[in-house]
Every structure is written in structure tokens, then in C-alpha cells.
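One structure below.
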Amino acid sequence: MAKDTLSGTAMLPIDIGISQADRQQIAGGLSKLLADTYTLYLKTHNFHWNVTGPMFQTLHLMFEGHYNELALAVDLIAERIRALGFPAPGSYKEFAELSSIAEADGVPDAEEMIRQLVAGQEAVVRTARSIFPAVDKANDEPTADLLTQRMQVHEKNAWMLRSLLS
């Protein structure tokens with residue numbers, strides 16, 4: 001029997017038709033996706049709290065919708081990592097090391113918030129897309145489905161945010 005990487009206790013081996021090495025590679029990519037998603041969640045929530053200006057109501061509500069969706073997404077991504085047999089990162093330190101999204105300095109104006117969130121949404125898409133070669137090689141359809149759904153959400157969000165800029 002294998003040992004659970006979180007508790008150190010014996011557990012049944014995972015036999016889902018994907019090798020340990022492939023599962024590990026995919027889980028590593030998903031960990032980066034989780035970090036990007038959580039970082040974008042924090043940034044979006046911060047901007048929701050701190051946005052001001054003539055588009056306040058529109059942006060406040062849009063950002064709320066985005067961070068609520070991101071909060072649900074982090075759970076789905078983390079659960080997929082666990083289903084593959086690996087621990088999901090869950091600390092600010094781990095997320096900072098894994099994320100490709102920079103945190104905001106101070107409180108930018110509303111237009112800069114939008115620009116940063118467009119960049120963040122697109123960064124999540126790039127991270128998700130980068131995992132596909134390993135997922136395709138392993139015939140990991142559940143992860144491919146998750147990645148496709150995440151990419152659709154983030155591409156649409158980037159388009160919607162970009163449309164607010166002149």
C-alpha cells in the first residue's frame with residue numbers, strides 16, 4: 001500500500017489508468033493553476049472593496065461576480081489535485097511561489113484595476129493551456145474538461161473587462 005502524502009498513513013493505491021508520473025506532472029500544473037486562480041480571487045476581491053469613480057456600481061458588482069466564481073473554482077481545482085493523489089497547495093507562501101500573477105501595489109484607479117484584472121484573467125488562461133500537453137498525453141479527460149471550463153470563463157471575463165476600456 002502507498003502512503004498518503006498528507007497524513008503518512010497507508011492508503012489504497014490509485015489505479016485510474018494514469019501513471020503516477022503523469023498524475024504528478026498534471027497535479028503540478030494544476031497547483032500552478034490553483035495558485036493563479038487564488039491570487040486572482042484575492043486581487044479581484046481587493047478591487048471590489050476599493051474601487052471608486054463613475055463606474056463604481058458597475059465594477060463593484062462585476063468584481064463581486066468574478067470573485068464569487070473564483071472562490072468556487074479554487075475548490076474544484078484543489079479537489080482534482082487531491083483526486084490525482086497529491087496534496088493541494090493552500091498557503092499564501094505556496095501560492096506566491098507558484099503564481100504567475102503579481103499582487104497589486106496600493107490601490108490603483110478603476111481603469112488600472114480593469115487592466116490588471118484583464119492581465120490576470122489571461123494569465124489564468126495561459127496557465128490552464130500549458131497543462132494540456134500532459135493531460136492529453138495521459139488521456140485525462142476529467143482534467144481536460146476542468147481546464148476547458150476554466151479557460152472559457154476566463155476568456156469571457158477578459159473580454160468583458162477589456163470592453164470597459166476605451
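Tell me yes or no: at least one residue of segment 136-144 is without any contact (Cβ under 8 Å) to a residue 24 or more places away in the chain and small (G, A, S). Within segment 136-144, one or more residues are without any contact (Cβ under 8 Å) to a residue 24 or more places away in the chain and small (G, A, S). Just to verify a result, which residue in segment 97-112, among those that are of a type in the set (A, V, I, L, M, F, W, C) and touching a residue at least 40 places away in the same chain (Cβ under 8 Å), is surrounded by the most Cβ atoms within 10 Å (Cβ to Cβ)? Step by step, filter segment 97-112, then rank; the result is I101. Listed by first and then second residue, the pairs with beta-carbon distance under 8 Å, at least 6 apart or on different chains, first residue in segment 32-48 and closer than 13 Å to M113 by Cβ, second among the aromatic types (F, W, Y) and at pLDDT 95 or above, are T44/F63; T44/Y67; H45/F63; H45/Y67; F47/F63; H48/F63; H48/Y67.
Answer yes or no: is there a residue in segment 147-166 that is touching a residue at least 12 places away in the same chain (Cβ under 8 Å), charged (D, E, K, R) and farther than 30 Å from Q57 by Cα.
Checked segment 147-166: no residue is touching a residue at least 12 places away in the same chain (Cβ under 8 Å), charged (D, E, K, R) and farther than 30 Å from Q57 by Cα.
All of Q121, Q116 fail the test of being touching a residue at least 60 places away in the same chain (Cβ under 8 Å) and within 14 Å of the chain's Cα centre (by Cα), apart from Q121. Picking from residues in segment 138-161 that are small (G, A, S) and in a helix (DSSP H, G or I), the one that is surrounded by the fewest Cβ atoms within 10 Å (Cβ to Cβ) is A144.
Restricting to segment 70-82, count the residues that are farther than 14 Å from L42 by Cβ and touching a residue at least 40 places away in the same chain (Cβ under 8 Å).
Qualifying residue count, segment 70-82: 5.
The values are calculated or read from the model by the stated rules, or taken from the named source; none is laboratory data. Quantities reported herein were computed from a predicted structural model and do not represent experimental measurements. Reconstructed Cβ throughout: ideal geometry from the backbone, glycine too, with neighbour counts over all protein chains shown.
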